[in-house]
Amino acid sequence: METVTLQDSQSTPEGSADGGTPRSTPGGPPAGLIDLAVTRRGFLRGAALAGTGLVAATVAACAPAAGQAWQYATSKPLASGSAAPVASAAASAAASAAPSMSMAPTAAPSAVPSASAIANLPPGWSEHDINARQVIRRYLGKIAPALKGVYGDAAFAKLADMLAASENYPELTAIPEFAQVTQGNEQIAPKIVNGVKVFELTIDEIDHKIDATKAPLKALGYNKIWPGPQLRVTEGDKVQAVFTNNLKETTGVHFHGIEFEDFFQDGVPFVTQKPIAPGETFTYEFTATPHGSMMYHSHHNATDQVGRGLLAAFIVDPKDPAESYAKKYGVTQEYTWISNDTVGGFTINGHGFPAVVPIVAAKGEKVLVRFMNEGIMMHPWHLHGYRMRVVARDGARLGTAEFFADTLGVNPGERYDVIVDVDRPGVWAFHCHILPHVEGTEGMFGMVNTLIVTPTKVDLTPLLT
Ligand SMILES: [Cu+2]
């Protein structure tokens with residue numbers, strides 16, 4: 001079983017680059033799981049969805065390019081002999097995760113509900129209801145019983161009734177799905193060489209799990225992680241990004257949103273450079289400007305390489321501390337939300353629901369979400385219960401053009417920064433509103449997350465291991 005990587009955000013010199021804004025992802029705990037002021041323990045970053053829902057035939061509008069060997073994953077075991085790699089992976093994962101007849105709780109993730117649950121459907125329910133509930137059971141794991149202490153007895157009674165906690169189902173003692181897979185977006189610190197911030201990265205083939213119940217995908221990663229490490233600098237910094245290509249294929253790296261002085265740093269093979277050959281190291285040098293939410297990703301065979309995981313966040317904090325989100329807007333934590341929609345299915349930070357890291361914030365907090373679309377289609381992100389204050393597009397602050405939205409379409413290549421002023425506790429759905437990207441016969445999958453607002457700060461870290 002894979003586990004999340006623990007990280008102490010205090011060990012990262014850039015951890016307070018944005019005026020001291022604690023972050024839930026990357027490089028930090030899910031917002032509010034931890035009292036950041038006390039522990040500053042980070043544990044994961046990112047979340048994504050890709051998963052379990054529909055077969056390609058039902059989402060023809062989103063069909064991949066002809067000849068591409070991928071398909072939206074389904075958690076339903078498919079007929080043997082299927083040529084689709086992802087589908088067969090799902091089938092084998094489902095087979096290995098077959099329901100145990102043991103009554104003993106187990107920490108092993110299960111993509112499928114128990115046979116007895118299906119045999120004893122409540123009146124009016126179908127198998128879909130059982131499957132849909134199972135996804136949420138996996139998402140919360142042993143966070144579910146802990147919500148009693150968070151929301152109080154009355155609210156918890158409703159939650160427990162929804163999930164049928166009285167059945168003592170196995171996931172009640174399992175770590176939540178998102179903590180069972182490796183999460184990317186980890187912020188790394190540069191070396192400082194003659195005043196230049198130097199980031200050294202590798203480009204590698206990896207095995208990547210969209211969620212714990214699925215067989216790993218043959219994927220790619222910067223520093224062996226999808227999304228790659230978050231690189232974070234301050235506006236005006238001199239930056240060197242040194243990439244060693246450990247792949248068997250060529251590549252090139254583009255820093256998306258940066259205004260380069262020297263166009264040969266722009267990372268487009270045969271337009272601004274020769275491709276980086278296997279075994280080669282290539283250094284990009286530039287001044288980080290303007291400030292804002294940027295990205296870095298492959299710009300070579302990119303439909304395939306970005307789709308397989310060569311994507312990451314590049315954050316340029318404002319030089320003027322008064323312009324930081326913490327100082328100017330009172331932001332208390334942030335969450336980087338990188339979407340993709342090709343090889344791994346519909347993902348947020350390289351994972352499909354229920355393996356997506358929730359945003360957890362205490363009442364009174366202001367949460368910054370940086371949406372970054374690294375996919376090939378638009379996704380309208382919809383937050384339940386709140387309006388998002390949209391403060392920046394493609395890194396540029398909107399100023400007097402700021403607006404509020406509960407649904408925000410983010411096109412491929414675009415970034416939007418939004419701030420949510422959380423004032424009402426609850427578990428609020430936060431998902432793409434193109435419905436085939438989020439829900440199917442197996443329940444919710446793919447581009448789904450939640451904003452969990454707690455009445456006060458709570459430390460749920462012990463529940464994640
Ligand atoms: Cu979508």
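With the highest mean first, a sort of the peptides 448-458, 188-198 on other beta-carbon atoms found within 10 angstrom per residue produces 448-458, 188-198. Would you mind classifying the range 145-229 by shape? Square roots of the alpha carbon gyration tensor eigenvalues, ordered a ≥ b ≥ c; an a/c under 1.5 is rounded, otherwise it is prolate if a/b is larger than b/c and oblate if not. Oblate is the answer for the range 145-229, as a/c is 1.5 or above yet b/c matches or exceeds a/b.
Put a plus charge on the Cβ of each Lys and Arg, a minus charge on the Cβ of each Asp and Glu, and nothing anywhere else: the dipole of the range 191-321 about its Cα centre is then about 420 debye.
A viscosity of 0.890 mPa s and a temperature of 25 °C, combined with the Kirkwood radius over C-alpha pairs in the Stokes-Einstein formula, give the range 191-321 a diffusion coefficient of 163 µm²/s.
Between the listed residues Thr234, Ala165, Gly141, the Cα displaced farthest toward the positive end of the dipole of the range 111-250, a dipole computed from Cβ unit charges relative to the Cα centre, is found at Thr234. Note on Thr250 and Asp459: with the Förster distance fixed at 60 Å, the Cβ-Cβ geometry gives a FRET efficiency of about 0.80. Placing pseudo-labels 7 Å out from each Cα toward the beta carbon at Gln240 and Glu205 gives an inter-label distance of 3.0 nm.
Among the listed pairs Lys148/Lys214; Lys148/Lys457; Lys158/Lys366; Lys224/Lys319, which have their C-alpha atoms separated by more than 23 angstrom in this model? With Cα atoms farther than 23 Å apart: Lys148/Lys214; Lys158/Lys366; Lys224/Lys319. Using only the Cα atoms of the range 300-390, build the gyration tensor, take square roots of its eigenvalues as a ≥ b ≥ c, and label the shape rounded, prolate or oblate: rounded if a/c is under 1.5, else prolate if a/b is larger than b/c, else oblate. Oblate shape, in that a/c is at least 1.5 and b/c is the bigger or equal ratio. Measuring between their Cα centroids, the range 331-372 and the range 211-245 lie 16 Å from each other. Using r as the Cβ-Cβ distance of Asn411 and Phe270, and R0 as 22 Å, what FRET efficiency do you calculate, to the nearest 0.05? For R0 = 22 Å, the calculated efficiency reads 0.30.
With neighbour counts taken as other beta-carbon atoms within 10 Å, the residues Tyr416, Tyr296, Tyr169 rank, fewest first, as Tyr169, Tyr416, Tyr296. Given Cβ point charges of +1 (Lys, Arg) and -1 (Asp, Glu) and nothing else, what value in debye, to the nearest 20, does the dipole of the range 112-192 about its Cα centre take? My answer is approximately 240 debye.
Here, each number is a calculation from the coordinates, and none is a lab measurement. From a predicted model like this one, the values you see are computed outputs, not experimental measurements. Cβ: placed from backbone, ideal geometry, glycine included. Neighbour counts: every protein chain shown.
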